[in-house]
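The values are calculated or read from the model by the stated rules, or taken from the named source; none is laboratory data. The structure presented is a predicted model; accordingly, all values stated were derived computationally and were not measured. Positions of Cβ are generated from backbone atoms using ideal geometry, with glycine treated the same way; all protein chains shown enter the neighbour counts. With ligands, DNA and RNA removed, areas are computed over all heavy atoms of the protein, side chains included. Shrake-Rupley method; radii C 1.70, N 1.55, O 1.52, S 1.80 Å.
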Amino acid sequence: MAVIVGGIATTHVPAIGKAIAEKKHNDPYWKPFFKGFDYVHYWLARTKPDVAVVFYNDHGLNFFLDKLPTFAVGAAMEYRSEDEGWGIPVSRPIPGDPALSWHLINTLVADEFDVTMCQDMLIDHAVTIPMALIWPGPTSSAKSWPVKIVPIEINTVQHPLPTLARCLKLGRSIGRAIETYEQNLRVVMVGTGGLSHQLDGTRAGFINKEFDKLCLEKIVTEPEALTRYSIHDWVEQSGSQGVEFLNWMAMRGALTGRVSELNRNYHIPISNTAAATVVYDNQKESERKAA
Ligand code: DHB
Ligand code: FE
């Protein structure tokens, strides 16, 4: 049976791609941010996942405002990125796991999440930047990716957006689906984007440190508490792009065991964004008893 080894969430600011390409990891501006990945790499070397389910939001590369699903699941053999106009290098394609994708889609639809199924799907910086941070190397070199991915796209761009409660439930459905998957796969959940940021309008550059801290606390122990915020409350508290936290909620929902925070790095700002990187453990009841 498949197991969910834990969760990782991190920002996906495009400027990070350029910093990686220019090897700026030890530059004073970037160092405090990249240091947050030392633990991520240590943890991955121990947990060795085979597949990453990546909750993210497209920014206009694959979906545009003319046709925009609320939830879309990739079911492709591989996922390509293209030049998005941010001046970041185009990532090498990342392999998919169509069999797992279809299992997730079947479960989601049975659970009344009528998702868009994508056998062809371009991935943008919201997938490629976190992948390059979490698994450095394969982005531009010939080294192959150590994981396959199932990308799950959530609309954070065109209102009405799904609620926080809906995204938590979407994640829970995914978590249950993984637990009933018969292949012996080790699966890590990844959520990208956030935390507080606003790129446009009179509040451009808005960051809310207090609210981010509250989110980082509550998402571990009491994610339901965050569902009392409406999307409009969220925009007010976290900025118009802070709603990318929906991806974090879905990732958290997919962690079906006892969840604890193993590592947290919070750094302000990276570009216009409050950059947070976290690693969550997902301990199963059976493992706890055995320990
Ligand atoms: C920035 C943040 C984002 O989430 C994004 O998609 C693009 C840019 C930024 O802070 O520059
Ligand atoms: Fe974004």
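Computed values, structure above
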quantity: Those residues of the stretch 236-276 which are in contact (Cβ under 8 Å) with a residue 24 or more places away in the chain, surrounded by fewer than 19 Cβ atoms within 10 Å (Cβ to Cβ) and in a helix (DSSP H, G or I), in sequence order; calculated: 237
quantity: Segments classed as helices (runs of 4 or more DSSP H), wholly inside the stretch 98-205, with at least 2 members that are farther than 21 Å from residue 70 by Cα and open to solvent by less than 10 Å² (accessible area, probe 1.4 Å); calculated: 125-134
quantity: Pairs with Cβ under 9 Å, 6+ apart, first in the stretch 35-51 and open to solvent by 10 Å² or more (accessible area, probe 1.4 Å), second part of a helix (DSSP H, G or I); calculated: 41/134; 44/134
quantity: Qualifying residues in the stretch 1-18 (those that are at pLDDT 95 or above and more than 16 Å from ligand 2 (Cβ to nearest atom)) - the one most open to solvent (accessible area, probe 1.4 Å); calculated: 3
quantity: Of the criteria (1) within 28 Å of residue 17 (Cα to Cα); (2) in contact with a Ser or Thr (Cβ under 9 Å, 6 or more places away or on another chain), which one residue 172 fails; calculated: (1)
quantity: Unique match (being modelled with pLDDT of 95 or more and farther than 25 Å from residue 161 by Cα) among 260, 238, 230; calculated: 260
quantity: Failed item in (1) within 16 Å of ligand 1 (Cβ to nearest atom); (2) open to solvent by 60 Å² or more (accessible area, probe 1.4 Å); (3) not charged (D, E, K, R), with residue 54 passing the rest; calculated: (2)
quantity: Cβ pairs under 9 Å, 6+ apart, first in the stretch 193-221 and touching a residue at least 24 places away in the same chain (Cβ under 8 Å), second of a type in the set (Lys, Arg) and not in a helix (DSSP H, G or I); calculated: 216/264
quantity: Candidates 72, 110, 126, filtered to the one that is of a type in the set (Gly, Ala, Ser) and more than 17 Å from the chain's Cα centre (by Cα); calculated: 110
